[in-house]
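In what follows, a structure is listed as structure tokens, so that the remarks can point back to it.
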Amino acid sequence: GGRVFVMDGEATVAAIDGASGQVVWRANLNPNRRRDRYASGGGLAIVGNRLFVTTGFRTVSAVDLNTGAVIWTQNTLSPIHNAPTVVGGRVYAITVDNQLDTFDAATGQPGWRYEALVEPARILAASSPAVSGDTVVAAFSSGELVALSAANGAELWSQQLSRSSRTTALSEIRDIPGRPVIFRGEVLAGSHSGVFASVDLRTGQFRWEPLPISTLSSPWAAGDVVYVTSKAGEVVCVSRSSGQVYWVRDLNEGRKQ
């Protein structure tokens, strides 16, 4: 609607007119807990006339898109570093303790909850769940890639996207900080520890041998290929059907060290 929506480190959300830059409204979602003055992370999602907000202050809220009035707010057990995913009248949010919470988008009523393995070593970023039909795919800092039933949270399948390396202790950080991508019946995702994979959405089986690519971002599927950016700054073009690497472009090439 010609507006830009932003949030700062104190959980103040603002609607800004895209043409003039003028602030249309502000909403303060800070719960004003004494020990928490600033909070990292969180994010925004828009569905219909509502803006859904997650914060590092351990809250999930729905805000009127036109006025900034807070419709509902729910607390979570841990901070949230990612944006919510809102599909089919349900809000999905993953906390830093690898807990996937769900809420009714209309009322804020808590729904089912899924708890993955707690992993304290993680990237200061987080991925949002991906949803296709009745299946929710969530990625966690433990390296777990999990498919769940959107109706009740029942686990459909789980894969571990992690590996250890003898050359670097950083491979022990198993985080999947990029949002998994669901594309034509497959799930594409990569981890910090160096596993990039294509998983069949229905069965949970690897479609080809995972590639040793360490990544912090979401892949991009287009036609018969998928593009992924490695932690080293390389763009890798991979065949979706076979996992064959077609080409690699180093974005640091030619830059002075």
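Rounded to the nearest 5, the antiparallel percentage of DSSP beta bridges internal to the chain is 100%. With all protein chains present, how much of the accessible area of region 65-154 (probe radius 1.4 Å) comes from carbon and sulfur, to the nearest whole percent? The value for region 65-154 is 51 percent carbon and sulfur by accessible area.
In the context of the full set of protein chains, residues of the chain present 49 Å² of accessible surface per residue (probe radius 1.4 Å, heavy atoms only).
Taking Cα pairs under 8 Å and at least six residues apart, what relative contact order does the chain come out at, in percent?
Across the chain, relative contact order equals 8 percent.
Here the Debye sum runs over all C-alpha atoms of region 80-153 as equal scatterers in vacuum, and log10 of I(q)/I(0) at q = 0.13, 0.22, 0.25 Å⁻¹ comes out as -0.33, -0.94, -1.19.
DSSP finds beta bridges in region 130-254, and of those with both partners inside it, around 100 percent are antiparallel. Taking Lys and Arg as +1 and Asp and Glu as -1, the other residues whose beta-carbon sits under 15 Å from that of LEU65 total +1.
Remark: region 64-72, residue by residue, has Karplus-estimated 3J(HN,Hα) of 5, 5, 8, 10, x, 5, 7, 8, 7 Hz, where x stands for each Gly or Pro and the curve is 6.51 cos²θ - 1.76 cosθ + 1.60 at θ = phi - 60°. Relative to its Kirkwood radius, the Cα radius of gyration of region 141-257 gives an Rg/Rh of 0.99. At the residue level, GLU10 shows approximately 70 square angstrom of accessible surface with a 1.4 angstrom probe and all protein chains present. Peptides 48-59, 143-154, ordered by how many other C-beta atoms sit within 10 Å of their residues on average, highest first, read 48-59, 143-154.
The values are calculated or read from the model by the stated rules, or taken from the named source; none is laboratory data. From a predicted model like this one, the values you see are computed outputs, not experimental measurements. Cβ coordinates were reconstructed from backbone atoms using ideal geometry, including for glycine residues, and neighbour counts include every protein chain displayed. Each accessible area value is taken on the protein alone, full model and side chains, heavy atoms only, with ligands, DNA and RNA left out. Shrake-Rupley method; radii C 1.70, N 1.55, O 1.52, S 1.80 Å.
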